[in-house]
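Enquirer: Structure provided below as C-alpha cells; questions to follow.
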Amino acid sequence: MLRKLSHFLGLVRFSHTLFALPFALASLFWAARGWPGTRVFLLVLLCMVTCRNAAMAFNRWMDAAIDARNPRTARRHIPAGILGRGEVIAFFLVNSGVFVAAAAFLNSLAFMLAVPALVAVCFYSLTKRFTSWSHIFLGAAIGISPAGAWIAARGSLGAEAVLLSLALLAWIAGFDIIYAAQDEAFDRKAGLHSVVVRYGRAGALRISLGLHAVFIALLVLIEALFHPGAAFQVAIALAAILIAYLHLFRRSDSLDDLNQDFFLANIAISVVIFAGLTTAVFLKTL
C-alpha cells in the first residue's frame with residue numbers, strides 16, 4: 001500500500017503543490033484578516049491538494065499515448081506500466097469527489113464553483129492540441145487558487161484575490177514556456193502546439209520575460225491599490241531581483257540548467273510572496 005501511495009504521489013508530482021499553495025494560503029489569510037480558523041484552513045488545504053491531484057491525474061491519463069512517444073516522458077507512470085489507466089481514473093474520481101465534498105463544507109459559493117473549477121483545471125490538458133498558448137491555460141488553471149481561497153474565507157470574491165490570481169497566472173505561464181523548451185523538437189514532430197514551437201526558443205524566452213514583468217507589475221498594482229504593507233513591498237523587490245537575474249544576467253546556454261534555475265525560483269518566489277503578504281496581514285492584526 002505504501003509503495004502504491006508513493007506511485008500516486010509521483011504520478012501527480014506532489015512536491016509541485018508548493019508552486020501555488022503559498023499564493024492560495026496568503027490569499028486565505030488576507031481574506032480572513034489573519035487566521036481563518038482551523039476548520040477553514042484544513043478544508044482549503046484539502047481542496048488545494050485534491051483539486052491538483054485530480055488535474056494531474058487527468059493530465060497523465062489524457063497524455064499517456066503522447067508521453068509514451070516522447071523520450072523525456074516515456075518513464076511516466078502509465079507509459080512505463082507502473083500504474084494502469086483504470087487506477088489513474090479511479091484516483092482522479094476519488095480526488096474529484098473529495099474536492100467537491102470539501103468545498104461543500106466551506107460555503108455555498110465554493111460548492112457551486114467546485115465542478116466548474118475542476119473542468120477548468122482539467123481542460124488545460126487538451127489545449128496543446130489546438131493552441132500555442134496552452135501555457136496561459138495552465139497559468140489560469142493554477143491561478144484560480146487564490147480566488148478560491150478568498151471565496152472559502154468570505155463566501156464572495158474580492159478584487160484583491162482577482163489581481164493575485166492574475167499575477168500567479170502570469171508567473172506560471174512564463175515558467176511553463178521555459179519548461180516547454182525541453183520538448184520543442186518532439187512537439188514539432190508530433191504536431192503539438194506551444195509558444196516555443198511557434199516562436200522558437202529565443203522568441204519564447206522574450207515572451208516569458210514579458211509575462212514575468214506582468215507578474216511583478218500586478219504585484220505592484222496590488223500594493224498601490226490595497227497597501228498590504230512594507231513586508232509585501234520587500235517581497236516584491238526580492239521577486240523582481242530574482243526574475244531579473246534569471247532572465248537577464250545568468251550566463252548559461254544549458255536548457256537543463258535554465259529549467260532547474262526556474263524550478264527553484266518558482267518555489268523561492270512563491271515562498272517569498274507568501275512570507276511577505278502573510279507577514280503584512282498579520283502585522284495589521286496586532
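Enquirer: Output the residues belonging to region 224-255 that are surrounded by fewer than 17 Cβ atoms within 10 Å (Cβ to Cβ), in a helix (DSSP H, G or I) and free of Cβ contacts under 8 Å to residues at least 40 places away in the same chain.
Expert: Within region 224-255, Ala224, Ala237, Leu238, Ile241, Ala244, Tyr245, Leu248, Phe249 qualify.
Enquirer: In the set Ala185, Ala217, which member is in a helix (DSSP H, G or I), out of contact with any Leu (no Cβ under 7 Å at 6 or more places or on another chain), free of Cβ contacts under 8 Å to residues at least 40 places away in the same chain and under 25 Å from Arg129 (Cβ atoms)?
Expert: Details: Ala217 fails: under 25 Å from Arg129 (Cβ atoms).
Of Ala185, Ala217, the one residue that is in a helix (DSSP H, G or I), out of contact with any Leu (no Cβ under 7 Å at 6 or more places or on another chain), free of Cβ contacts under 8 Å to residues at least 40 places away in the same chain and under 25 Å from Arg129 (Cβ atoms) is Ala185.
Enquirer: Being buried (at least 17 other Cβ atoms within 10 Å of the Cβ) and either within 15 Å of Ile178 (Cβ to Cβ) or touching a strand residue (DSSP E or B) at 6+ places or on another chain (Cβ under 6 Å) (or both) is the filter here; which residues of region 261-276 pass it? Full working, then the answer.
Expert: To start, the set of residues in region 261-276 that are buried (at least 17 other Cβ atoms within 10 Å of the Cβ) comprises 261-262, 265-266, 269-270, 272-276.
Across region 261-276, the qualifying residues are Asp261, Phe262, Ala265, Asn266, Ile269.
Enquirer: State whether one or more residues within region 154-161 are part of a helix (DSSP H, G or I) and free of Cβ contacts under 8 Å to residues at least 40 places away in the same chain. Spell out how you get there, then give the answer.
Expert: Going through region 154-161, the residues part of a helix (DSSP H, G or I) turn out to be 154, 159-161.
Still in the running and free of Cβ contacts under 8 Å to residues at least 40 places away in the same chain: none.
The answer is no; no qualifying residue exists.
Enquirer: Given the criterion touching a Ser or Thr at 6+ places or on another chain (Cβ under 6 Å) and of a type in the set (A, V, I, L, M), identify the matching residue among Ala244, Ala224, Ala231.
Expert: On the way: Ala244 fails: touching a Ser or Thr at 6+ places or on another chain (Cβ under 6 Å); Ala224 fails: touching a Ser or Thr at 6+ places or on another chain (Cβ under 6 Å).
Answer to the selection: Ala231.
Enquirer: Out of the residues in region 158-169 that are buried (at least 23 other Cβ atoms within 10 Å of the Cβ) and small (Gly, Ala, Ser), which is nearest to Ala265 (Cα to Cα)?
Expert: Step one: filter region 158-169 for residues buried (at least 23 other Cβ atoms within 10 Å of the Cβ), giving 161, 164-165, 167-169.
Among the residues that remain, those that are also small (Gly, Ala, Ser) are: 161, 165, 167.
Working: Ala161: 22, Ser165: 18, Ala167: 15 Å.
Of everything passing the filter in region 158-169, Ala167 is nearest to Ala265 (Cα to Cα).
Enquirer: Same structure, new question: Filtering region 170-199 down to residues that are hydroxyl-bearing (Ser, Thr, Tyr) and within 23 Å of Gly143 (Cα to Cα), which residue is surrounded by the most Cβ atoms within 10 Å (Cβ to Cβ)? Before the answer, list the steps.
Expert: Within region 170-199, the first condition is being hydroxyl-bearing (Ser, Thr, Tyr), and the residues that meet it are 179, 194, 199.
Okay, now just the ones that are also within 23 Å of Gly143 (Cα to Cα), so 179, 194.
On the way: Tyr179: 21, Ser194: 24.
Applying the filter and picking the extreme gives Ser194.
Enquirer: May I ask you to verify whether Leu192 is touching a Phe, Trp or Tyr at 6+ places or on another chain (Cβ under 9 Å), outside any helix (DSSP H, G or I) and within 30 Å of Asp67 (Cα to Cα)? Show your work before the answer.
Expert: Details: touching a Phe, Trp or Tyr at 6+ places or on another chain (Cβ under 9 Å): yes; outside any helix (DSSP H, G or I): yes; within 30 Å of Asp67 (Cα to Cα): yes.
The answer is yes for Leu192.
Enquirer: Among the residues of region 234-273, what is the count of those that are acidic (Asp, Glu) and modelled with pLDDT of 75 or more?
Expert: Applying the first criterion (acidic (Asp, Glu)) to region 234-273 yields 253, 256-257, 261.
Checking the rest, the ones that are also modelled with pLDDT of 75 or more come to 261.
Of the residues in region 234-273, 1 are acidic (Asp, Glu) and modelled with pLDDT of 75 or more.
Enquirer: Only residues that are among the aromatic types (Phe, Trp, Tyr) and over 24 Å from Arg201 (Cβ atoms): list them for region 238-278, please.
Expert: Step one: filter region 238-278 for residues among the aromatic types (Phe, Trp, Tyr), giving 245, 249, 262-263, 274.
Once the filter is applied, which keeps residues that are among the aromatic types (Phe, Trp, Tyr) and over 24 Å from Arg201 (Cβ atoms), region 238-278 yields only Phe274.
Enquirer: Follow-up. Any chance you could count how many residues in region 36-75 are of a type in the set (D, E, K, R), buried (at least 17 other Cβ atoms within 10 Å of the Cβ) and in contact (Cβ under 8 Å) with a residue 40 or more places away in the chain?
Expert: Taking region 36-75 as the starting set, the residues that turn out to be of a type in the set (D, E, K, R) are 39, 52, 60, 63, 67, 69, 72, 75.
Now drop any that are not buried (at least 17 other Cβ atoms within 10 Å of the Cβ), which leaves 52, 60, 63, 67.
Restricting the remaining residues to those that are in contact (Cβ under 8 Å) with a residue 40 or more places away in the chain gives 52, 60, 63.
So the answer is 3.
Enquirer: Further question: Residues that are over 21 Å from Ser165 (Cβ atoms) and not small (Gly, Ala, Ser): find the helices (runs of 4 or more DSSP H) completely inside region 11-96 holding 1 or more of those.
Expert: Numbers: elements: 21-32, 38-62, 64-69.
Passing ranges, in order: 38-62, 64-69.
Enquirer: Another question about this same structure. Taking Pro116 as the residue in question, decide whether it is free of Cβ contacts under 8 Å to residues at least 60 places away in the same chain and crowded, with 17+ Cβ neighbours inside 10 Å. Before you say what the answer is, go through the steps one by one.
Expert: Working: free of Cβ contacts under 8 Å to residues at least 60 places away in the same chain: yes; crowded, with 17+ Cβ neighbours inside 10 Å: no.
In short, no.
Enquirer: If you don't mind, another one. Hey, can you tell me all the residues within region 119-133 that are within 14 Å of Leu93 (Cα to Cα) and free of Cβ contacts under 8 Å to residues at least 40 places away in the same chain?
Expert: Val119
Enquirer: Can you name the residue in region 274-286 that is at pLDDT below 90 and part of a helix (DSSP H, G or I) and, of all such residues, is farthest from Phe226 (Cα to Cα)?
Expert: Going through the qualifying residues, I end up with Thr285.
The values are calculated or read from the model by the stated rules, or taken from the named source; none is laboratory data. Predicted model, so just to flag it, every value in this text is computed and none were measured. All Cβ positions, glycine included, derive from the backbone under ideal geometry; neighbour counts span all protein chains shown.
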